[in-house]
Every structure is written in C-alpha cells, then in structure tokens.
Amino acid sequence: MIFETVAKILGEYKDVDPSTITADATFASLELDSLDTVEIVMSLEDAFGIEIDMEQPLQTVEDLVKLIEAKKA
Amino acid sequence: MIVTEINRLFGLKYPIFQGGMAWISNGQLAAAVSNAGGLGVISSINEGEEALRREITTCRSLLHNPDFPFAINVMLMSPQAQAAADIAVEMQVPVVITGAGLPTPYMKKWLAAGIKVVPVVPSTGIAKMAARLGACAVIAEGGESGGHVGDLTTMVLTPQVADAVSIPVIAAGGIADGRGVAASLMLGAAGVQCGTCFLTAKECGVHANYKQKIFQAKDIDTIVTGKRLGHPVRSLKNAFSRQFADMEYNTNLSDQEIESFGAGALRRAALEGDVQNGSVMAGQCAAMLHEEKTAQQIIVDMFAQAEHVLACAGKFLTEEESHA
Ligand SMILES: Cc1cc2nc3c(=O)[nH]c(=O)nc-3n(C[C@H](O)[C@H](O)[C@H](O)COP(=O)(O)O)c2cc1C
C-alpha cells in the first residue's frame, strides 16, 4: 500500500505511468536530483501525515518506502 | 542606517554576510568583515582540521570585540563535513553556514550547543526543510554567484523563498553594490551575502593574480562548468575552464576523468596564482569590481549607496497617471 502511494506520487511528479516504477529504481535512474527528492518527500509527508527526516541519503524508491514504513510503525 | 531582522538576530551593524569561500576565506578575512559590522565566514575547506582550528583562533584574536559574531562554513558533501561540524561545537563558533544540501545529521548537536544555523538553499523545498530543522535564517543563493551554483536566479529565487518560509531570508548571488542590496530588500530578503566582492578585499589573502583577473573581467566573462557531473561551478573563462567545458562535451571521457581534471583547480588559482590552469571561481558580478578596498570600505560604500537608492525610490510613486 505504501509502495503504491509512493509510486503514484512519483508517477505524477515525473508524468509517467506509476506501474512502470519499481521498488529497486534509483532516483538517478528516474532522473530525479536531490532537489526533486526534497519535493517528493514533502508530497509524501502530506500524503501520509508524517514528517520524514532525510538523515541518510535516499538512493532507491525502496529506501523511501522503508523510511515511511518505519515512521508509520 | 539599514536595519532588519538580520541585524538583530546576529548582532550586526550591517545586514551582510561574507560568503564562505573554499581555500580563500580564512580567519583574517572573516575578522575584517566582522570588525566592519558584517558577518565574516571562515571556510572549512582548507588544509584540514588543524587549519580550521587555527583560522578560528586567528579570527577570534583579530576581533576588536569578543562579542562580534563570525561563522564557519560547512560544505555538507565534503569529506571534511563531520570534522568541521564537531569543531564548531568544540570551539563554540557562534554561527554555522551550511552549503550543498540539508544539514539534518548535525542539526540537533548544533542547536543544543546554541549555534545559529543558516543553510544556503537553492530551492523553496530545501528552504522549507531547513526552516523545519531549526535554521534561524536561510540564504537564497541564485545562479549568478561564484562557486557551486543552482539553476534559479537571485531575482526569482529570493521572493519565492521569502514566501515559502517565515524565518528571515538572505539573498546571495550577483550582489556587489548598493543597488543589489536595495533590490534584495525589495525582493523580500532581510540581508545579503556576498562572495565575489569580498574576494577583492584588501584583507583577502587570495593570490594577487586572482584579484587582478577579477578586476579585468567583463560582464560576459564567466562560464558554468561541471553540469554533467551534477555540481556545476561558475568561474572566469580561462584555459582551464574552456578545456573543462570541452571535456564535458566529449562523450569518450568518463566522469571520473573529468573529476580528476578538476581536482585541486581552485587551490591552484587561489593559492599558487595560476589563473590560466586553475579555476578562478567568481560570480557574474566580477565585472562590477574595479579596485581593491578594505572590507570596511566595501561595506560602507555598499550600504551608503543602498540607502541613497532606497531614499530616492519614492520618485517612482506619483498620484498622476501617465499617458505617455
Ligand atoms: C571563490 C569562491 C568560492 C566559494 N566557495 C564556497 C564554499 O566553499 N562554500 C559555500 O557555501 N559557498 C561558496 N561560495 C559561494 C559564496 O559563499 C557566496 O554565496 C557567493 O559567492 C555569492 O554570490 P556572489 O559571488 O555573486 O557574491 C564560493 C564563492 C566563490 C566566489
């Protein structure tokens, strides 16, 4: 469920079909730089009603999903 | 006088920061700026930890008043970031200016030590995150500036950051005279940060050839290289930057090869004075600088002009309609 929402938000941001986004995709492969990543993290915060501290650099979609899972737990 | 939240927040006579400059802004320059009533910033990108400690000590010893604030600049992507972050706490540095990212990993420690943290931000998103982390102000740095640059210009970034956060905003990039200061205030900033103009200060120890190159620069003389590597840099055109640009477009070369061509280039120009084969980082405002002045004179002249242009701004306001 979390992954689906992340994929949906990434899909909207990149204007691509969310079903093409895989968990192991890196932000670099999605052509998202560090500034884009911040924008996406802020959208996800709104979607999940949480605050995400980017303590560690995020590399993949899965990193982001895990971070949200940990916050929601 | 021009007085904003920045004067009050940092205890400054003038709301101006001297931007941290790798290999260049040392304790001597920072002290000169702080003594003149601005905020001097010591770079932590230099010979290493001991050098940073030494420069902080030098700065303190040169300050006319021990209460004058100064800062160190921590470049977050640098391998020296952690050490510099610790030294800030250990030596009770009053202010830290961060560059290149979000200072998330260090923020709690700095705030607990009573350090004021001011991140340089290239976008509204980073500005909001920085404010949430506890930054007391942010520096909106436009791509006109020297050194590492973002895409947005000061003209469009400053008002958007001012709208995005409730903490004070400092404008940076392209400001080298009083008109730039006045314009920054009109764009919603409460202060300015200048790098290139302080490069030419008498107290700045950068090599004389480097200063000369800036005084000779024309408006069209800067170039941005390194986009391909993900960290674009603005510098003056010379043999080095032209070759760097050529190499970037050469798809036969690996990023690694280009990185290593660029390594040590700022140091070569700034310390050794090789302004042909080194990187002479400078902003677009280089062309506006013509003579060496003391840090004090730079600031006094800049703010005298800013006051003048702000005082005259009323001339644009009239009750009459123009039919011209
Ligand atoms: C030679 C040079 C080196 C710089 N090095 C750094 C640095 O190490 N860290 C940093 O945060 N900013 C660095 N900057 C940016 C300045 O701190 C400042 O924000 C910028 O110069 C402002 O724009 P201006 O050059 O148009 O005044 C550097 C700028 C120059 C010109």
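The values are calculated or read from the model by the stated rules, or taken from the named source; none is laboratory data. Every value quoted in this text rests on a predicted model; they were computed, and no experiment measured them. Cβ sites come from the backbone with ideal geometry, for glycine too, and all protein chains shown count toward neighbours. The accessibility values were calculated without ligands, DNA or RNA, using every heavy atom of the protein model including side chains. Shrake-Rupley method; radii C 1.70, N 1.55, O 1.52, S 1.80 Å.
Residues of the stretch A:29-46 that are more than 9 Å from chain B (Cβ to nearest Cβ), farther than 14 Å from residue A:2 by Cβ and open to solvent by 40 Å² or more (accessible area, probe 1.4 Å): A:29, A:31, A:46. Looking at the stretch B:184-192, is at least one residue crowded, with 24+ Cβ neighbours inside 10 Å, at pLDDT 95 or above and within 12 Å of the ligand (Cβ to nearest atom)? Looking for residues that are crowded, with 24+ Cβ neighbours inside 10 Å, at pLDDT 95 or above and within 12 Å of the ligand (Cβ to nearest atom), one finds at least one in the stretch B:184-192, hence yes.
A single entry from B:202, B:211, B:218, B:237 fulfils the requirement of being within 13 Å of the ligand (Cβ to nearest atom) and surrounded by fewer than 23 Cβ atoms within 10 Å (Cβ to Cβ): B:211.
Pairing residues of the stretch B:11-37 that are in contact (Cβ under 8 Å) with a residue 40 or more places away in the chain and within 28 Å of residue B:272 (Cβ to Cβ) with residues that are hydroxyl-bearing (Ser, Thr, Tyr) and part of a loop (DSSP other than H, G, I, E, B), at Cβ distances under 8 Å and at least 6 apart in sequence or on separate chains, gives B:18/B:25; B:19/B:25; B:19/B:145; B:20/B:44; B:32/B:294. Residues that are surrounded by fewer than 18 Cβ atoms within 10 Å (Cβ to Cβ) and closer than 16 Å to residue B:69 by Cβ were ranked within the stretch B:95-129; the one that is farthest from the other protein chains (Cβ to nearest Cβ) is B:114.
Taken together, B:282, B:201 contain a single residue that is touching a residue at least 40 places away in the same chain (Cβ under 8 Å), in the same structural domain as residue B:139 (by TED's automatic domain parsing) and within 21 Å of residue B:42 (Cα to Cα), which is B:201. Taking the stated definitions as given, is residue B:317 open to solvent by 60 Å² or more (accessible area, probe 1.4 Å) and of a type outside the set (Phe, Trp, Tyr)? So residue B:317 fits the description; yes.
Assessment of the stretch B:166-176 against the conditions (on the phi > 0 side of the Ramachandran plot, open to solvent by less than 40 Å² (accessible area, probe 1.4 Å), touching a residue at least 40 places away in the same chain (Cβ under 8 Å) and within 11 Å of the ligand (Cβ to nearest atom)) yields at least one matching residue.
Hey, can you tell me all the residues within the stretch A:48-73 that are in contact with a Ser or Thr (Cβ under 6 Å, 6 or more places away or on another chain), more than 12 Å from chain B (Cβ to nearest Cβ) and surrounded by fewer than 16 Cβ atoms within 10 Å (Cβ to Cβ)? If the condition is that a residue be in contact with a Ser or Thr (Cβ under 6 Å, 6 or more places away or on another chain), more than 12 Å from chain B (Cβ to nearest Cβ) and surrounded by fewer than 16 Cβ atoms within 10 Å (Cβ to Cβ), then A:59 is the only one that fits. Identify all residues within the stretch B:92-124 that are among the small types (Gly, Ala, Ser) and without any contact (Cβ under 8 Å) to a residue 24 or more places away in the chain; write none if there are none. Listed by number, the residues that qualify are B:112, B:114. Annotation: residue B:138 fulfils all but one of (1) open to solvent by less than 10 Å² (accessible area, probe 1.4 Å); (2) in contact with an Asp or Glu (Cβ under 6 Å, 6 or more places away or on another chain); the unmet one is (2).
For the stretch B:302-310, the criterion of being under 24 Å from residue B:222 (Cα atoms), in contact (Cβ under 8 Å) with a residue 12 or more places away in the chain and either within 16 Å of the ligand (Cβ to nearest atom) or open to solvent by less than 80 Å² (accessible area, probe 1.4 Å) (or both) is satisfied by at least one residue. Here residue B:297 clears all of (1) touching a helix residue (DSSP H, G or I) at 6+ places or on another chain (Cβ under 9 Å); (2) free of Cβ contacts under 8 Å to residues at least 60 places away in the same chain except the condition numbered (1).
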